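Asker: The structure is given below, and queries will be raised subsequently.
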Amino acid sequence: MSVYHELLKAELHLHLEGSVTPDTMAELAPEISAQEVGERFRFSTFAGFLECFKWVVERLRSPEDYALITRRLVEALERQNIRYAEITLSAGVVLWKGQDFAGIYEAVRRGALRSPVEVHWNLDAIRHFGAEHAMQVAHLAAERVGEGVVSFGIGGDEQRGPAEWFGEVYQFARNAGLRLTAHAGETAGPESVWGALELGAERIGHGIRAVEDPVLVRHLRDHSIPLEICISSNVATGAVDSLAAHPVRRLYDAGVPTVLNTDDPGLFGTTLEREYEIAAREFGFSEQELRRIAENGFRYAFAGKNDVPPA
């Protein structure tokens, strides 16, 4: 068992669809060979990752499929002593597929309620699909405030979906009582993070390229704006050139609030415990520092009591 198992942990950047492991894929689509699944899950660029993600979600054909992957995910969270999770459901993908979102959301919500893990939901729009698409997702989220949905965000291709498109959408979401996050600074530079902050994002998904702008780093530190850091994800998608090049240590040492996450643990073959191990082994994080990072998961949560629960 990992030495980090005993840490009480929260995960704030976690995609439901990206949690699908090869084993879960075998349950969803037993007609697909293990060899094909292995080939699909093998990628080294962000574009390759998006293709894999798309391939997985195309095989989520019913609310029952979504319920299955939710059960498998919360079981994995429970095994790792994760007490709180904000899971991102790609509502934008559900709309793109022309499926009934209400049925799918009820299925995943019921699946999560069976777990002792405290689960809340972030609804995510595909930023390169544009502002009208994002507003549709924001409306779906607003209709479910108080029914498990706590936040709204945008993901997808930063280059093809600049933040300035979404000012009205974020204003609507804020007025509806939703908390705000955004993927930014993953494959685009610091300007993408600044754009997300202009929208009102309270947390930044990834945000690693903020390290290129000292003014931005100080802003994140001084305004206590956390980065949802996903080390293995950034290596797997080519967002960083190598594990050694990842800026997590520099950002942490500069005082930027940091939370460790898995992003898409099934597709990246990782767990939150493994991310803690990588932080210790590769970047020299001490046990005390990792305990503070674990506490940040609760401190910057959009729901809950914002403190570490008793063991």
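Asker: Can you name the condition, by its number, that GLY146 falls short on among (1) over 17 Å from PHE129 (Cβ atoms); (2) buried (at least 24 other Cβ atoms within 10 Å of the Cβ)?
Answerer: Of the numbered conditions (1) over 17 Å from PHE129 (Cβ atoms); (2) buried (at least 24 other Cβ atoms within 10 Å of the Cβ), the odd one out for GLY146 is (2).
To keep it simple, each residue is scored yes or no on (1) touching a strand residue (DSSP E or B) at 6+ places or on another chain (Cβ under 7 Å); (2) assigned to a helix (DSSP H, G or I); (3) among the hydroxyl-bearing types (Ser, Thr, Tyr); (4) within 30 Å of ASN296 (Cα to Cα).
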{"site": "GLY18", "(1), (2), (3), (4)": "yes, yes, no, yes"}
{"site": "ALA26", "(1), (2), (3), (4)": "no, yes, no, no"}
{"site": "GLN35", "(1), (2), (3), (4)": "no, yes, no, no"}
{"site": "GLU39", "(1), (2), (3), (4)": "no, yes, no, no"}
{"site": "PHE43", "(1), (2), (3), (4)": "no, no, no, no"}
{"site": "GLY48", "(1), (2), (3), (4)": "no, yes, no, no"}
{"site": "GLU51", "(1), (2), (3), (4)": "no, yes, no, no"}
{"site": "LYS54", "(1), (2), (3), (4)": "no, yes, no, no"}
{"site": "ARG61", "(1), (2), (3), (4)": "no, no, no, no"}
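Asker: Hey, another quick one. Of ALA201, ALA196, ALA245, which residue is assigned to a helix (DSSP H, G or I) and either touching a His at 6+ places or on another chain (Cβ under 7 Å) or not aromatic (Phe, Trp, Tyr) (or both)?
Answerer: ALA196
Asker: Give me the pairs, please: first residue somewhere in segment 146-174 and modelled with pLDDT of 95 or more and hydroxyl-bearing (Ser, Thr, Tyr), second residue anywhere and part of a loop (DSSP other than H, G, I, E, B) and crowded, with 23+ Cβ neighbours inside 10 Å, beta-carbon distance under 7 Å, and either six or more positions apart or on two chains.
Answerer: SER151/LEU178
Asker: Sticking with this one: Take segment 75-91 and flag every residue that is crowded, with 24+ Cβ neighbours inside 10 Å and either of a type in the set (Lys, Arg) or in a helix (DSSP H, G or I) (or both).
Answerer: Listed by number, the residues that qualify are LEU77, ALA91.
Asker: Taking the options GLU212, GLU289, GLU282, name whichever one is modelled with pLDDT of 95 or more, more than 23 Å from THR45 (Cβ to Cβ), among the acidic types (Asp, Glu) and out of contact with any Cys (no Cβ under 8 Å at 6 or more places or on another chain).
Answerer: Every option except GLU289 fails the conditions.
Asker: So how many residues does segment 36-48 have that are in contact (Cβ under 8 Å) with a residue 24 or more places away in the chain and under 18 Å from THR24 (Cα atoms)?
Answerer: 1
The values are calculated or read from the model by the stated rules, or taken from the named source; none is laboratory data. Remember, it's a predicted structure, so these values are computed and weren't measured experimentally. Quick reminder, even Gly has a Cβ in these numbers, built from the backbone with ideal geometry, and neighbours come from all protein chains shown.
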